[in-house]
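In what follows, a single structure is set out as structure tokens and then discussed.
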There are 2 protein chains.
Amino acid sequence: MQDKASRIRKIRSQLRGQLAQEVFKPGSKLPSERTLSELFNVSRMTIKDALESLQSEGLIYCEDRRGWFVAHPRLIYNPLSRMHFHRLVNEQRRKARTQVLDVSSELASPDLMRVMELAELTRIYRIQRCRFIDDRPVLLVENCLNSQYFPDILNEDLSQSLTELYQRHYGYENSRSRFDVQPCAAPENVAQALHLASGQMVLKIIRVNYNRANQLIDCEFEYWRHDAVCIRIDSQSID
Amino acid sequence: MQDKASRIRKIRSQLRGQLAQEVFKPGSKLPSERTLSELFNVSRMTIKDALESLQSEGLIYCEDRRGWFVAHPRLIYNPLSRMHFHRLVNEQRRKARTQVLDVSSELASPDLMRVMELAELTRIYRIQRCRFIDDRPVLLVENCLNSQYFPDILNEDLSQSLTELYQRHYGYENSRSRFDVQPCAAPENVAQALHLASGQMVLKIIRVNYNRANQLIDCEFEYWRHDAVCIRIDSQSID
DNA sequence: TAGTGGTCTAGACCACGGG
DNA sequence: CCGTGGTCTAGACCACTAC
């Protein structure tokens, strides 16, 4: 790209190397941007740029107004498997937690009607939850359920696995699911929950689940901190 | 997030709305950053920020030192299906092109040995290709083949589908594959091929393919412009 | 309240793209 | 060659976090 290789560019990769070596304990805090800019004798914006490249390399991450931290290992996640989040996380020797943020009952928006193939004026339940790995918020997930299939579900304990609840109380076995994965800018509420600055990149997964009768029973919007997850799919594991 | 809602923030979303409405023809060029900063009477950095948010919303994209353009529709892509790129693209009424960038024969690096479960000193073929949709570079793909399974393959026409070549000339049917998806910073060569600024975000897919005898025959590194693709997987389509 | 990152300015020089 | 985005400076104020 460059032949003269600007002085600052070098500092950038120097920073990269030093930081990566010096502090390897996941979650430990880096010096502040101001401190680093003095240390390296460059402007704060240059430091910010350098930190952001390290971030997109997955070495560090940023928490809005809290600082920069050394990255944790990514959670390996297969969206085709319907394994409970807590079990998945525990199997990878991490600590899981789920917090119910909001629960509501409302009429489906036009957008949702399209995604869920709903008739007009269909009532849906919306369950918004935040999920933590090692006490760090990494996933905001919003489930939209066709209310006719799930009477009284809002009275259940929603911090557990919904998939399991579907089975146990309603006899729905998930059979088919379809999902889209794409990076996008975090909407305001997502950014807030995940401690991201507004507009930061997240990994969005939209999943649509069908029961054995091929009825579309629920639809799920997942917003992952992109540095926290690795999507892995193995065609062998599909039965 | 903000209560006083800074004047500039408003300009940002204004820009958003205006641009999104005004110029909708995919691929058409936006005014330059300098022009926009005069039009909106803000500094160039502010304009850049606004453009970058629009970019992560998928409305526009940037070509390194060429300018900003209105986004094209995303290619819907299922990494589980081994459909030829050209056919996939044509089915979505777009124009496909493949350009072979580099072909080489070398000893596997330690990293690659791990991924491909190779013994030491194994020779591999590396095929690097760039793929275009509507003449825009959107994907850089690097195939690493275990050379013992593919004698003389480097003499074939490599701009066609490799999957098909595997079948036709070597009798290998793909049976199982496993892949990882994750956003990351574009390495220098990828950025260059895709007309991205160095370090920009791309969607990386690492795929490992096995033949019917469960031999690991090749491994593929795909780097997609994240604005050009939507990963879609339907468990029903798996046979 | 002190310290953090988020945002913004008004300049500047550079490398690269394309005529 | 000129126009583009890429990068950088040396400040500044703000909103928010954490204590």
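The values are calculated or read from the model by the stated rules, or taken from the named source; none is laboratory data. Note that the coordinates shown come from a computational prediction; the quantities given were computed from them, not determined experimentally. When we count neighbours, we look across all protein chains shown, and the Cβ atoms used for this are built from the backbone with ideal geometry, even at glycine.
Checking each residue in region A:46-101 for being more than 16 Å from the chain's Cα centre (by Cα) and among the small types (Gly, Ala, Ser) picks out A:ALA50, A:SER53, A:GLY67, A:SER81.
Among residues of region B:53-68 that are assigned by TED's automatic domain parsing to the domain that holds B:PRO31, those with a beta-carbon under 8 Å from a residue that is more than 10 Å from DNA strand D (Cβ to nearest atom) and basic (Lys, Arg) at least six positions away or on a different chain give the pairs B:SER53/B:ARG12; B:SER53/B:ARG16; B:LEU54/B:ARG16; B:GLU57/B:ARG16; B:GLY58/B:ARG74; B:LEU59/B:ARG16; B:TYR61/B:ARG225. Of all residues in region A:170-200, those satisfying the criterion of being touching an Asp or Glu at 6+ places or on another chain (Cβ under 7 Å) and more than 10 Å from chain B (Cβ to nearest Cβ) are A:HIS195, A:LEU196.
Note on region B:49-94: enclosed strands (runs of 3 or more DSSP E) holding 2 or more residues that are away from DNA strand D (no atom under 15 Å from the Cβ) and at pLDDT 95 or above are B:75-77. Considering only residues that are more than 8 Å from chain B (Cβ to nearest Cβ) and touching a residue at least 60 places away in the same chain (Cβ under 8 Å), look in region A:221-239 and name the one that is surrounded by the fewest Cβ atoms within 10 Å (Cβ to Cβ). Across region A:221-239, the extreme among qualifying residues is A:SER237. The residue that is nearest to the chain's Cα centre (by Cα), among those in region A:12-45 that are part of a helix (DSSP H, G or I), crowded, with 18+ Cβ neighbours inside 10 Å and more than 10 Å from DNA strand C (Cβ to nearest atom), is A:LEU19.
With the structure loaded, tell me whether B:LEU59 is more than 15 Å from DNA strand C (Cβ to nearest atom), within 14 Å of chain A (Cβ to nearest Cβ) and over 30 Å from B:SER235 (Cβ atoms) or whether it fails that test. Yes; evaluated as a whole, the condition is true for this residue.
Results for (1) buried (at least 18 other Cβ atoms within 10 Å of the Cβ); (2) within 24 Å of B:ARG212 (Cβ to Cβ), shown as yes or no for each residue.
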{"site": "B:LEU140", "(1), (2)": "yes, no"}
{"site": "B:ASN143", "(1), (2)": "yes, yes"}
{"site": "B:ASN146", "(1), (2)": "yes, yes"}
{"site": "B:PRO151", "(1), (2)": "no, yes"}
{"site": "B:ASN155", "(1), (2)": "no, no"}
{"site": "B:SER159", "(1), (2)": "no, no"}
{"site": "B:ARG168", "(1), (2)": "no, yes"}
{"site": "B:GLY171", "(1), (2)": "no, yes"}
{"site": "B:SER177", "(1), (2)": "yes, yes"}
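For region B:62-76, taking the residues that are away from DNA strand C (no atom under 16 Å from the Cβ) and facing chain A (nearest Cβ under 10 Å), the one that is surrounded by the fewest Cβ atoms within 10 Å (Cβ to Cβ) is identified as B:ILE76. The condition (being of a type in the set (D, E, K, R) and either within 11 Å of the chain's Cα centre (by Cα) or under 25 Å from B:LEU59 (Cβ atoms) (or both)) is satisfied by just one residue among B:GLU188, B:GLU156, B:GLU222, B:GLU164: B:GLU222.
Of the residues in region A:208-220, not one is at the interface with another protein chain (Cβ under 9 Å from one of its Cβ atoms) and surrounded by 20 or more Cβ atoms within 10 Å (Cβ to Cβ). For region A:116-136, indicate whether the set of residues that are closer than 22 Å to A:GLU156 by Cβ, within 14 Å of another protein chain (Cβ to nearest Cβ) and either crowded, with 17+ Cβ neighbours inside 10 Å or modelled with pLDDT of 95 or more (or both) is non-empty. No: zero hits.
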